[in-house]
Amino acid sequence: MEISMQKIREFHRQSIQDREGFWAREARRIHWETPWSKVLDDSRLPFARWFVGGRTNLCYNAVDRWLDTQADQPALIWVSTETDQEIVYTWAELAREVQVAAAMLQSLGVVQGDRVLIYLPMIPQAAFIMLACARLGAIHSVVFGGFAAHNLAQRIDDAQPGVVVSTDAGSRGGRPIAYKPLLDQALSQSVHQPDHVLLVDRGLVPMSLQAGRDLDYATLRARHLDVQVPVVWLESNEPSYILYTSGTTGNPKGVQRDVGGYAVALCASMEYIFGGKPGDTYFSTSDIGWVVGHSYVVYGPLLNGQATVMYEGTPIRPDAAILWRIIETHRVNALFSAPTAIRVLKKHDPALLTRHDLSSLDRIYLAGEPLDELTGQWLSEALNKPVIDNYWQTETGWPILSAQPGVEEVPTRYGSPTFPVYGFDVRVVSEASGLDSGPNEKGVVAIEPPLPPGAMSTIWRNDERFVTTYFESFPGRQTYSTSDWGRVDDDGYWFILGRTDDVINVAGHRLGTREIEESVNTHPAVAESAVVGVADPIKGQQAVGFAVLRDSALLDAPDGRTRLEAEIKKVVEQRNGAVARPSRILFVGSLPKTRSGKVLRRAIVALCEGRDPGDLTAVEDPSALEQIRGVL
Ligand code: AMP
């Protein structure tokens, strides 16, 4: 088949060869209170500054700007199948709630540059507070509700928020999950203490308030109704938010984003990648604690004048047709979800897929983890809709590789997120030589700086770590490493082949195995451990732990093994949350290591997945691998 991909290739070429011209045109999509003096300052690469000198505001562009034309149309559609609630906020109502939230934060002393930490489930107040922070120039940091006390404490100490916003509880599968006790526990562990904790009382579980520190959202809201809070115009490169993400160390990295570049990039992506226009309705099932939630539940759709669906619930409750029912009811044009959700749906009655009128839906986008061919094909054929696999990371803020139907419709290929997105100068680079790889050669997916608008500007308060973590992977060149393996085929289609590092991906949740190991090691019986990601048919990967005990005689006690395994899993759950809990903990006498003491994770994973562990000449003690084989 002759494929025309001229437009998409040309669009990409322009975005790289004439960066300033390209982004100057795109920047017209948003309101600038003061125009920029320079589109790109790349004088200090790998740091890039976009739209230098321009002043704008994310909240103004996402909310106020749409009041003249569509004040009475839906803006935020909140659906909770957990509490059986549905609230549609029009643009006018959204604007009002955001103003109130901004006034509330102001009354707590929040000013430009202050941090506000948000530890909330998928409830509208999370979006109100995010947008209120943006209005004031305060920097929000949303922490995923599925994380537990230790993760939360680490983030509180790093971001040092003046205010934390939380709630009595979230809910999963119809059962309340208390948040406040986890927050209290985190605050008893963190060095930094916020001045105030603002609590949305959902009435799901009782919660105790600490006098002087803890405040009730509804009470404070009632004091600020109908207050107008002026927008704080920010220089384009001021920080807008911090979102922590896992890496190879135990300390999460605070990915920092700017204001103007993010606004422009997200707004443009809504048209070029997601095929949207003002007045459309967009539905991303992601949690706001992950980057997809920031970019495509809150900012992206609203910046482009599109209504956004915020969903609290699972894809299978009350039944596995719930996503399609929401699409039918709210005439959704584009759905964004994760492969795991679709693999879960695959196990249910296929008739549920065709029960609803999906004529409004143009396309389905899946990201966050590898999309296997079978799942992509199954969904596309069952719904008779295009399924678009898009590849990106917390760091980039929006897709690196994706079909771009708003630029040109091109044939997709199952298993491939297709082509580089405009603005990203993506390469496959050899780790050994630092040179670009040829067609079909495996290498590391890398991006030539400058990173485009909307990508991370640095690591919060740690410029040095930004450079060393991302830009020092290849000999002789300062190119951004995604830490993913990749390959490009003869026709230019890209394939992602897994992580180069110890980061794993469980049901679309990016987790650092180091963080889980640190938690396993806090159990008093454990001497050392290795946690690896093992292939799982539904979740993509699952964490499996191997622990060496201080005293192996503990295993001889009746139920010793089962009890210890349960205890260690519990420790991980309490420190890192249920998402990080290993599916199994296996006990071994020693871990397979190289002579320099590095754990041979790849060999362990291979054994777990029943594959050949490969070249083992570097193993210090081959019997350690035999033990792993034995316990499996
Ligand atoms: P996160 O920063 O949590 O979004 O995780 C980013 C990582 O998820 C990437 O570095 C990849 O390893 C993986 N990932 C995201 N999207 C895809 C995709 N479409 N295909 C394959 N892997 C993906």
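Throughout, read-outs are computed from the coordinates displayed, never taken from laboratory work. Please read these numbers as outputs of a predicted model, since none were measured by experiment. For neighbour counting, all protein chains shown are included, and Cβ atoms are generated from backbone atoms with ideal geometry for every residue, glycine included.
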| said: I need the chymotrypsin sites (Phe, Trp or Tyr not before Pro) found in segment 7-42, filtered to DSSP loop residues with at most 16 other beta carbons within 10 Å of theirs. | reply: none
| task | Check each of the trypsin sites (Lys or Arg not before Pro) in segment 580-632 and keep only those in coil by DSSP with at most 16 other C-beta atoms within 10 angstrom; list them in order. | result | 595, 598, 611
| query | Relative to the present Cα-Cα distance, how much length would full extension add between residue 552 and residue 87 at 0.36 nm per residue of separation? | reply | 161.8 nm
| request: Apply 1/(1 + (r/R0)^6) to the Cβ-Cβ distance of residue 223 and residue 111, taking R0 = 25 Å, and write down the FRET efficiency to the nearest 0.05. | output: 0.85
| field | Globularity ratio of segment 503-631, using Cα Rg and 2.2 N^0.38 Å | value | 1.01
| query | What dipole magnitude, in Debye to the nearest 20, does segment 503-631 give about its Cα centre under +1 on Lys/Arg Cβ and -1 on Asp/Glu Cβ? | reply | 340
| Taking the Cα centre of the chain as origin and charging only Cβ (+1 Lys, Arg; -1 Asp, Glu), how large is the dipole, in debye to the nearest 20? | 480
| query | In which sequence would 389, 158, 72, 484 go, from the one with the fewest C-beta neighbours within 10 Å to the one with the most? | reply | 72, 484, 158, 389
| 222 nm mean residue ellipticity, helices alone, for the chain (DSSP H n ≥ 4; -39,500 (n - 2.57); rounded to 500) | -8500 deg cm²/dmol
| query | Setting aside same-chain residues fewer than 8 positions from residue 180, which lysines have a Cα under 25 Å from its Cα? | reply | 253, 569, 570
| said: Averaged across orientations, what area in nm² does the convex hull of the alpha carbons in segment 60-219 project? | reply: 9.1
| message | Only counting other Cβ atoms within 10 Å, I'd like 615, 463, 41 sorted with the fewest neighbours first. | response | 615, 463, 41
| Proximal lysines relative to residue 346, as straight alpha-carbon distance under 19 Å, when same-chain residues fewer than 8 apart are discounted | 385, 539
| By how many nm would the segment from residue 25 to residue 583 grow when fully extended, if each residue of separation counts as 0.36 nm and the alpha-carbon distance is taken off? | 195.9 nm
| remark: Largest-first semi-axes in Å of the equivalent ellipsoid built from the Cα gyration tensor of segment 433-541 are 29, 21, 13
| request: Could you work out the local net charge near residue 34, counting Lys and Arg as +1, Asp and Glu as -1, over the other residues with Cβ closer than 15 Å to its Cβ? | output: 0
| field | Spin-label model distance (nm) - residue 497 vs residue 351, 7 Å beyond Cα toward Cβ | value | 4.5
| Computed FRET efficiency, Cβ-Cβ of residue 596 and residue 472, R0 25 Å: what is it to the nearest 0.05? | 0.80
| task | Alpha carbons only, please: Rg and Dmax for segment 7-66, in angstrom. | result | 13.3, 36
| request: For the chain, state the average projected area of the convex hull of the C-alpha atoms over all orientations, rounded to one decimal in nm². | output: 28.4
| query | Which is farthest toward the positive dipole end of the chain among 279, 473, 119, measuring Cα position about the Cα centre, with Cβ charges +1 (Lys, Arg) and -1 (Asp, Glu)? | reply | 119
